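These notes are about the structure you will find just below.
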Amino acid sequence: MAGGSFTEKGKQYPGKMTVFVFLACLVASSGGLIFGYDIGISGGVTSMDPFLIKFFPSVYAKEQEVVDTNQYCKFDSTLLTLFTSSLYLAALVASLFAGYVTKRCGRRVSMLGGGVIFLVGAILNGFAQNVAMLIVGRIFLGIGVGFSNQSVPLYLSEMAPAKMRGMLNISFQLMITIGILAANLINYFTARIPGGWGWRIGLGLAAVPAVIMAGGSLFLPDTPNSLVARGKPEKARAMLRRIRGTDDVSLEFDDLVAASAASDAVESPWATLLQRRYRPQLAMALIIPTLQQLTGINVVMFYAPVLFKTIGFGGTASLMSAVITGLVNMFATFVSIATVDRLGRRKLLLQGGIQMIIAQFVLGTLIAVKFGTSGVAEISRPYAIGVVLCICVFVSAFAWSWGPLGWLVPSEIFPLEIRSAAQSAVVVFNMVFTFVIAQIFLMLLCRLKFGLFYFFGAWEVIMTIFVYFFLPETKGIPIEEMDRIWAGHWYWKRFVVDGANANNKVEMTSTNV
């Protein structure tokens, strides 16, 4: 697939999409498997009676109460939600250290470390004998997720040609959806194993994506950006020739060197990130991952089996419904892969936002009509199918908009001098709100009832307005020239221009242009 990257002055970085880049990005994106598998598996095992009996007997006892109890509150347990959310708290802390490792040692080493640590967590969870062992395992899983989510999106954005960056970066989200689907299928079949120990298989099989990521990273090359930043310019030039499929890489290489020189002049990336001229990037690093979690998607994906069980589905039926949403999630991601570099980021985010708003309010209304505020009802099969369809509409919208683009856009907008620190900030805020939502969801469901879906719908209105007014289009722009989109934006230009004047910003343009 031939193609190049247009520079700010209308020239093109020579090169094409090579098989080598495609395979490297495919292997690197397997880091998404560990994140997705955990999202899917945790919700499934918490709906299995044998798992609840062993680790959370009080939740099981409440679940077994007569059917006229408040369905909204059956699973409200701080300890149960801590099992799920502890991973994201660990990922939050780990991502702060991962940024330093990613910058100093390279993206590949960070991915390798994440895979190995995740493997340890999978083993602990698979053999867990008590809640403490279970949560310690989750903490190790979280550290692995923190490292992979910090390094993989950067790796993909730096390896890909600008015209293909969206498609290749979204492969990370595709792997997340594949991991979720695989976990949902495993939950469905292991729940049927006689003896009630199937949950151990589900938790233990997290070792498989960990091995794939750790093993694959041993054979991955490092990115030219990382090699230049670590003082290996000749290796970087050679790698650039290999990944672009041409010897004519002087223009792109000179821009990388200029970016690296600017990066070396920065004593503290975190302090630099706070400078006025980087206010647009800082805002996106905080707002985009925060809004991504406030879509309510993790309510559906973490707790899909629990959610379906809560609104009247049987145990096995709830697991099958989660499989269906997992399939929709995966296939809808292909829509984003096929269109993101053609239609652009803004159009997908706006369309997906509107679709999520409609689905969320309709879903809340369906549950309100049937369960009201009492949480007592029995739903018919056709009504249940309608609920599942509504959730599928919501999931598909997220899967081709805020799901992949919530990772893509932040990973491609940061200049090299603040890239590792800024990506750490992205992961931190993503995990903060993932942790918060996971920890309080069941409590909110118990207290807000059907209003919880309206709550998330309101946030989707806010995020769609935010994209319309404040997010510029980034498709096709070389990653080292991304500054120009802020300088031309009606709102952000005041920070970029004033900040550049205040800090005597050095232009990072090629000497060959």
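The values are calculated or read from the model by the stated rules, or taken from the named source; none is laboratory data. Note that the structure is predicted; figures quoted are calculated from it, not measured. So basically every Cβ, Gly included, is an ideal-geometry build from the backbone, and we count neighbours across all protein chains shown. These accessible areas exclude ligands, DNA and RNA; they are computed on the full protein's heavy atoms, side chains included. Shrake-Rupley method; radii C 1.70, N 1.55, O 1.52, S 1.80 Å.
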Qualifying position, being over 20 Å from L87 (Cβ atoms), of a type in the set (S, T, Y) and modelled with pLDDT of 80 or more, among S411, S424:
S411
In the range 50-62, is there at least one residue being at pLDDT 85 or above, closer than 20 Å to R200 by Cβ and aliphatic (A, V, I, L, M)?
yes
Quick test of your reading of the structure: T373 fulfils all but one of (1) open to solvent by 10 Å² or more (accessible area, probe 1.4 Å); (2) touching a residue at least 40 places away in the same chain (Cβ under 8 Å); (3) in a helix (DSSP H, G or I). Name the failing condition by number.
(3)
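Per-residue answers, yes or no, for (1) open to solvent by less than 10 Å² (accessible area, probe 1.4 Å); (2) of a type in the set (G, A, S); (3) farther than 21 Å from R241 by Cα:
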{"site": "M133", "(1), (2), (3)": "no, no, yes"}
{"site": "G146", "(1), (2), (3)": "yes, yes, yes"}
{"site": "S151", "(1), (2), (3)": "yes, yes, yes"}
{"site": "Y155", "(1), (2), (3)": "yes, no, no"}
{"site": "A160", "(1), (2), (3)": "yes, yes, no"}
{"site": "S171", "(1), (2), (3)": "no, yes, yes"}
P410 vs. criteria assigned to a helix (DSSP H, G or I), within 30 Å of D264 (Cβ to Cβ) and not hydroxyl-bearing (S, T, Y)
yes
Qualifying position, being over 30 Å from M482 (Cα atoms), among the aliphatic types (A, V, I, L, M) and touching a residue at least 60 places away in the same chain (Cβ under 8 Å), among L205, L174:
L205
Would you confirm whether or not the range 461-471 contains a residue that is open to solvent by 10 Å² or more (accessible area, probe 1.4 Å), at pLDDT 85 or above and in contact with a Pro (Cβ under 9 Å, 6 or more places away or on another chain)?
yes
Can you tell me which residues in the range 261-279 are out of contact with any Asp or Glu (no Cβ under 7 Å at 6 or more places or on another chain), part of a loop (DSSP other than H, G, I, E, B) and touching a residue at least 12 places away in the same chain (Cβ under 8 Å)?
A265, Q275
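Quick grid of which residues meet (1) part of a helix (DSSP H, G or I); (2) free of Cβ contacts under 8 Å to residues at least 12 places away in the same chain:
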residue	(1), (2)
A128	no, no
A132	yes, yes
I135	yes, no
I139	yes, no
S148	yes, no
P153	yes, no
L156	yes, no
M164	yes, no
Go through (1) farther than 27 Å from M330 by Cβ; (2) at pLDDT 85 or above and name the single condition L448 misses.
(2)
Condition test on G126, is it under 26 Å from F55 (Cβ atoms), of a type outside the set (A, V, I, L, M, F, W, C) and in contact with a Lys or Arg (Cβ under 6 Å, 6 or more places away or on another chain)?
yes
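Conditions tested, residue by residue: (1) open to solvent by 60 Å² or more (accessible area, probe 1.4 Å); (2) in contact with a strand residue (DSSP E or B) (Cβ under 8 Å, 6 or more places away or on another chain); (3) modelled with pLDDT of 90 or more.
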| position | (1), (2), (3) |
| --- | --- |
| I180 | no, no, no |
| N187 | no, no, no |
| G198 | no, no, yes |
| I201 | no, no, yes |
| L205 | yes, no, yes |
| A214 | no, no, yes |
| A236 | no, no, yes |
| S268 | no, no, no |
Subset of the range 419-440, residues more than 19 Å from F147 (Cβ to Cβ) and crowded, with 24+ Cβ neighbours inside 10 Å, comes to A438
Residues satisfying the stated conditions in the range 238-259, i.e. farther than 21 Å from R419 by Cα and open to solvent by 30 Å² or more (accessible area, probe 1.4 Å):
A238, R241, R242, G245, T246, D247, D248, S250
Could you please find all residues in the range 413-464 being assigned to a helix (DSSP H, G or I), among the charged types (D, E, K, R) and farther than 30 Å from P269 by Cα?
R447, E460
